[in-house]
Each structure stands twice: as structure tokens, then as C-alpha cells.
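First up is the structure itself, then whatever we jot down about it.
The values are calculated or read from the model by the stated rules, or taken from the named source; none is laboratory data. Bear in mind that the values here come from a model prediction, so they are computed numbers and not experimental data. Here Cβ is always computed from backbone atoms with ideal geometry, including for glycine, and neighbour counts include all displayed protein chains. Only protein heavy atoms, including side chains, enter the accessible area calculation; ligands, DNA and RNA are left aside. Shrake-Rupley method; radii C 1.70, N 1.55, O 1.52, S 1.80 Å.
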Amino acid sequence: MIKTKKDLFINGNWIKAKEYRYLTSPYSGEVIASIPIATEQEVNLAIESAERAREIMKEMPAYERAAILERLVNMFEKRSEEAVEIIALEAAKPITTARDEVARTIQTYKFAAEEAKRIHGETIPMDAAPGGRGRAAYTVRESIGVIGAITPFNFPMNLVAHKVGPAIAAGNPIVLKPASQTPLSSYFLAELLHDAGLPPGALNVITGTGKVIGDKLVTDPRVVAITFTGSPEVGTDIRNKAGLKRVTLELGSNAAVIVDKGVDLGNIIPRCVKGAFSFQGQVCISLQRIYVHEDIYNVFVEKFVEETKQLKIGNPLDPETDVSALISKKDVERTLNWIEEARQEGAEVITGGAAEGNILLPTVLLNVSSSMKVSCQEVFAPIVIINKVQSTKEAFELVNHSRYGLQAGIYTENIHTALDAAERLHVGGVMINDIPTFRVDHMPYGGVKESGIGREGIKYAVEEMTEMKLIVFNRN
Ligand code: NAP
């Protein structure tokens, strides 16, 4: 067991805080570390040091920014098992899933290193307008300034990489506030980036309460952009306070897949089970709603439940474990209440529906109406609903009947249905013949409606973290 004391990482130094708190394992409840709680003064210090690093980062040539990120990739590769253990311990992420996250984190930083070298503008054909004759023009993309990054608990390495990677690639300093349950991953990153030669102040990591640090980052005029991944409630609060700052919000969803008649269920069932229960369903594009054509509904449910019952629950550090503890006791209580409420309103709990300690058993619900919380809100737990539909058209309406719109999936052999889905589903990304949970780290990723604003995926995040400037030469 790791038992360690962390300090705040400000201006390239480890700074003692006035107060510390114990971090406990969501699985065993054991103390795993002592974590500093930053006050507003320390947040101020972090912003100040980022502001000082602004010019250094702005002036740093692209090849040097890329080289820092390449060195970071090498260090991550060397110390990947340490990173895996940190995630498994602080987030109760099953170790095999934690290993996938570290592999993806390395990819994300590789993409960032590559992207650092191709940030450029375009030439503008000025003579397309009569008044533009005799003028030459081009655009450049400039770094934007100090970025405030606020991240959630569920991918403590890779979702941080999606902010820190593009910020460095684009030449911006950053103040990072990780989720209170998963600070160790960010402090580990600070250590690596320091050794990789990132200038002091270009990355500052501060931990403490979301409200104190969040409010300061969001309202301080020296922070010019906020990049947030987390719940829609906090995201909305940030947007309301951020004024004219640039804001990227990657929020929640109740992602759905449609299963059309005539598909081969052989590969689809295990894929859907993975999409629903991976990391206990605590994934923003976790599969929460499945709409199956009536012709294959009974077979689908039978096979899905059979496959679900094969999942092994237990200690996140055991490589055999598929499903472990939810992030907090409060979430176990909340989800049990939602299941009970659905049961009382007529839903059928076909498997799961109970908890063992902090582990909610993988739960499958049938006959769920779209107004029940397990359908219309984000469950963020190993709960999935399977409902029968008469047509894909009906399924499109059900998928779209949601506050959220991150990604959706459809399995179909019919090209016309696939094209209809691509056109009609109101989400940030449509996965044809896959679950909505599919993501690789360079694709544009983000949502519509209450799932957020803006896109991540390194190239797209770099766009959010740079400012376009136009230069016009008058040759008349
Ligand atoms: P959360 O409760 O919203 O917390 C996210 C971050 O915001 C944490 O660092 C939290 O700090 C901080 N925070 C809390 N209150 C704040 C405030 N008033 N001002 C500023 N920051 C504040 O979310 P979570 O439970 O960690 O993560 C789960 C949510 O993230 C789900 O809704 C999930 O769908 C979403 N998510 C979205 C994506 C995506 O890419 N779209 C990816 C992953 C997760 P504390 O931890 O200290 O409270």
C-alpha cells in the first residue's frame, strides 16, 4: 500500500500547505495518502507563477515544446506500472482498465508532441472581395495565456492529459485542479513534467475544495481560459461565472445504442456489456440505454444477462476483477435509490440491483420509462436499461429524448438506416456498428445540449487553446 504525503506543486517547487486531509481508497476505506488543501492565497500564488511563465512558454519554439512532451512520453513508458497502481488505488479502477488508461495517456501525450509541430494558420485570398485587391493576408494561431484546468475522478491520468498535453503543445501555462478523490495521478504527472524540463510555473498542481479553487480560477482575470471536465451541474456554474473567458466544457451523458434487427449478436453482446460496466459505468460515454428491435429483443436480453453474470467483482488490484467499488458510499446509496424507484414504477430488475459493500452489482433493468431517473439522468454506475422498439425511427426519437448528447451508437446491416442515424441523432459523435463508448484520443470529442461546449482530441483542444490572429499586407 502506498502511504505518502503530497505538497502543492507551484512554480516548479513542492510547497507546504497550511492544512492536509487524508485520502482513502474507495474500495477498502484505507488511508492511502495525505493531500494538501490549498487556500485562496495559494491558488493566487499558482496563478501568479503561471502568469510569469506565460512569456517563456509563448517564446518557446515548437520543437522544444514537442521535445518536452516526447521526454514525458518516455518517462511515462518507463514508469507505467507505477501510474497504473496509482489509478487503481485512488479511483478503485480495475487494474486491467487502469492499464488501458495509462496506455491511452501515453498516446495522448504522443499526439500532443506531434500536434505542437503543426499549429499554423492559412493564407486568405484577399482579392476575392473588390476592396481586398493588392493585399496579401494570412492567419497565425497564437497561444492564449494562462489556462485553468479542472478535471474529474474517472480518468485521472488521461483526462488530465487531454488538457495538459494541448496546453503545452500550444505554448500555454496551466493551473491544474484535479478531483479531490484522484489527486495522486496529477502530482505524479507534475513530477514527470518537472524532470522532462518543463519551465517552472508552466504547470502548477493545486488540490483542495472544488468550490474554493474553482471559483478563484474561474473569476481571476489572469486566467484567460477554463477547460473543465465533470458534471453538468458544476459545468453550468462555471459557465455562469466565467464571463468572457474562453470555456470548454466536457460534461455528462446517458449514452445510448440502438440494435437493429438482422444483426449478428455474437460480437455485439460482449461489446455492449463492456460499454455498460467498464469502470463500474463511471465513464462519461458509458452505455446506459439500449434500444433493441422487437424481433431480436428476447434473445438479446437473455444473452446480455448471461454475459453480465460472468463479470467478476472484487478488489481493483486483482487482475481478474471486472467491476469494483463505486467512487463513494453516497453514490452506492443514490444508485440503489434510483433502482428502487424504477422498480416501484414498474421496471423489472433482471439482474443485480443490490450492493456488496461499496460495489454495486452490475444491474440490468427492463421496461424502463424515459422519465425514470435511471433513464433520463446520468447514472454513472454499473446500471443499464434494455428497452424494446418497433422501428429504428422510434429508437432515434428515444435516443434524442435526452438532456444530453455526447455520443450514440447503432448496430445495423442496413446502409440507409446507418445514414439516417448519422443524420438524425443529435449528439457530438455517431458510432456506426459500435457502442457509444468508443473513443481514441485524437478524434474530435465533445457533446451537444447539456453534454458540453467545445471539443477535445488534441488538435481540436489546441484550437480551443489558441487565438487566431490575422495579418494583412497592403501592397497598393
Ligand atoms: P464533478 O463533481 O463535477 O467534479 C469535477 C471537478 O470539478 C472536480 O475537480 C471537482 O472538485 C471540481 N468542482 C467541484 N465543484 C466545483 C465548483 N463549484 N467550481 C469549480 N470546480 C468544482 O464531476 P466528477 O464526479 O468528478 O466526474 C463525473 C462527471 O464528469 C460525470 O458527469 C461525467 O459524465 C463527467 N465526465 C465527462 C467527460 C467528458 O469528456 N464529457 C469525461 C469524464 C467525466 P472536487 O473533486 O474537489 O469536488
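Computed quantities for the displayed model
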{"read-out": "Percent carbon-and-sulfur accessible area, the chain, ignoring ligands, DNA and RNA, probe 1.4 Å", "value": "51"}
{"read-out": "Estimated vicinal HN-Hα couplings, Hz - the range 219-227 in sequence order (Karplus 6.51, -1.76, 1.60; Gly, Pro = x)", "value": "9, 6, x, 6, 8, 9, 9, 10, 10"}
{"read-out": "32 Å Cα-Cα threshold exceeded, pairs from Lys93/Lys303; Lys3/Lys241; Lys110/Lys373", "value": "Lys3/Lys241; Lys110/Lys373"}
{"read-out": "Cα-based convex hull volume of the range 166-243 per residue, rounded to whole Å³", "value": "99"}
{"read-out": "Accessible surface, per residue, of the range 256-440 when the full set of protein chains is kept, probe 1.4 Å, Å²", "value": "42"}
{"read-out": "Rg to Rh quotient for the chain, alpha carbon positions, Kirkwood Rh", "value": "1.00"}
{"read-out": "CD proxy at 222 nm, helix term only [per DSSP H run n ≥ 4: -39500 (n - 2.57); per residue of the chain; nearest 500]", "value": "-12000 deg cm²/dmol"}
{"read-out": "Lysines whose Cα lies under 19 Å from that of Lys18, excluding same-chain neighbours fewer than 8 positions away", "value": "Lys5, Lys6, Lys177, Lys211, Lys216"}
{"read-out": "Charge tally in the Cβ shell below 10 Å around Thr229, where Lys, Arg are +1 and Asp, Glu are -1, Thr229 excluded", "value": "-1"}
{"read-out": "For the range 256-440, convex hull of alpha carbons as volume per residue, Å³", "value": "111"}
{"read-out": "Karplus (6.51, -1.76, 1.60) ³J(HN,Hα), θ = phi - 60°, over the range 138-149, in Hz, Gly and Pro reported as x", "value": "8, 10, 10, 10, 9, 4, 9, x, 5, 10, x, 10"}
{"read-out": "Residue-count net charge about Pro94 - beta-carbon cut-off 14 Å; Lys, Arg +1, Asp, Glu -1", "value": "-3"}
{"read-out": "DSSP bridge orientation in the chain - percent antiparallel, rounded to nearest 5", "value": "45"}
{"read-out": "Long-range amide H partners of Val259 with built H, under 5 Å", "value": "Tyr291, Val292, His293, Tyr411"}
{"read-out": "Burial order of peptide ranges 13-26, 388-401 (average beta-carbon count within 10 Å, highest first)", "value": "388-401, 13-26"}
